[in-house]
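Visitor: Let me begin by handing over the structure; questions about it come next.
The values are calculated or read from the model by the stated rules, or taken from the named source; none is laboratory data. Fair warning: this is a prediction, and the values are worked out from it, not measured in the lab. Neighbour counts are summed over all protein chains in view; Cβ atoms, including those assigned to glycine, are modelled from backbone coordinates with ideal geometry.
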């Protein structure tokens with residue numbers, strides 16, 4: 001009888017291992033799906049950058065123009081716009 005219990009226990013552990021691997025695999029698949037989705041939906045900056053901010057007229061530094069192709073706003077105006085957008089989204 002002792003051999004039978006050992007055999008059953010080994011099968012039980014093997015099944016639990018498969019079940020746990022399935023959970024880990026599912027988690028990996030979800031993580032991969034979310035990562036791929038984020039990459040597909042990321043903002044892609046392109047176009048000709050402005051040398052002056054369209055909102056306030058301040059010169060946009062060359063480093064910002066290079067880092068954000070197609071930029072139209074200085075960092076201060078862009079930050080204010082993001083804050084306003086977040087505030088409006090928070091009201092809904």
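Visitor: For region 35-56, give me each residue that is part of a helix (DSSP H, G or I) and surrounded by fewer than 10 Cβ atoms within 10 Å (Cβ to Cβ).
Guide: Scanning region 35-56 gives 38, 39, 40.
Visitor: It is to be established whether one or more residues within region 45-55 are modelled with pLDDT under 85 and out of contact with any helix residue (DSSP H, G or I) (no Cβ under 6 Å at 6 or more places or on another chain).
Guide: Yes - at least one qualifying residue is present in region 45-55.
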